[in-house]
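All remarks here apply to the structure that follows.
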Amino acid sequence: MLVNRSAAPGPVVPVLVYANVGKAIKWLSQAFGFTERFRYGPPGNPDGAQLAVGQGCVFLTSPRAGQSPKWDDQAVFRAPRAGEVTHSVVVQVEDVDPHFEHARLAVRRAPSPPREGERPREP
C-alpha cells in the first residue's frame with residue numbers, strides 16, 4: 001500500500017491565501033504555534049505550504065488563477081484586501097490565557113480578550 005506522507009492529517013483542511021506565503025509561515029508559527037510540514041516554490045516567498053497544529057493543519061497558497069495547473073478554470077485565489085475578511089480559522093487550545101497573550105504580542109490589531117464562560121455561537 002502506497003502512503004502519501006504529505007497528506008493532511010485531518011478530513012477538513014482550510015486553504016488560506018496570503019500575498020506572501022513566506023511571511024505568513026513565519027507569523028503563524030510565531031503567533032499561534034504552527035509547525036511547517038512542507039513548502040514548495042521559491043525559497044524566500046514560496047508558492048504554498050502546509051502547516052500543522054495539534055492534530056490539524058492548514059494549506060497556504062499565494063494568489064493565483066486556476067485551482068490546479070491541470071484544470072481549465074477561471075477560479076481566482078486572492079489574499080484579503082484591507083478591511084475585508086475572507087476566511088476565519090478557529091484553533092482550540094488547552095489554556096486560552098497564555099495562548100492569547102502570546103498571540104496578542106505577534107499581531108498588529110489584537111482581538112478582544114477571551115471572557116469567562118464565553119462560548120462560540122451555534123451556526
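The values are calculated or read from the model by the stated rules, or taken from the named source; none is laboratory data. Please read all numbers here as calculations on a predicted model, not as lab measurements. Methodologically, a virtual Cβ is constructed for each residue, glycine included, from the backbone with ideal geometry; neighbour enumeration extends over all protein chains shown. All accessible areas refer to the heavy atoms of the entire protein, side chains included, with ligands and DNA or RNA removed. Shrake-Rupley method; radii C 1.70, N 1.55, O 1.52, S 1.80 Å.
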| Within the bounds of the range 98-105, is there any residue that is modelled with pLDDT of 70 or more, more than 22 Å from G56 (Cα to Cα) and outside any helix (DSSP H, G or I)? | yes
| query | Are any residues in the range 16-47 open to solvent by 40 Å² or more (accessible area, probe 1.4 Å), without any contact (Cβ under 8 Å) to a residue 60 or more places away in the chain and among the aromatic types (F, W, Y), and if so, which ones? | reply | F38, Y40
| said: Given the criterion at pLDDT below 90 and either acidic (D, E) or open to solvent by 80 Å² or more (accessible area, probe 1.4 Å) (or both), identify the matching residue among V13, V89, V76. | reply: V76
| Qualifying positions in the range 26-47 - of a type in the set (A, V, I, L, M) and either in a loop (DSSP other than H, G, I, E, B) or at pLDDT 85 or above (or both) | L28
| note | Note on Q50: of the conditions (1) open to solvent by 90 Å² or more (accessible area, probe 1.4 Å); (2) part of a strand (DSSP E or B); (3) among the polar types (S, T, N, Q), unmet is (1)
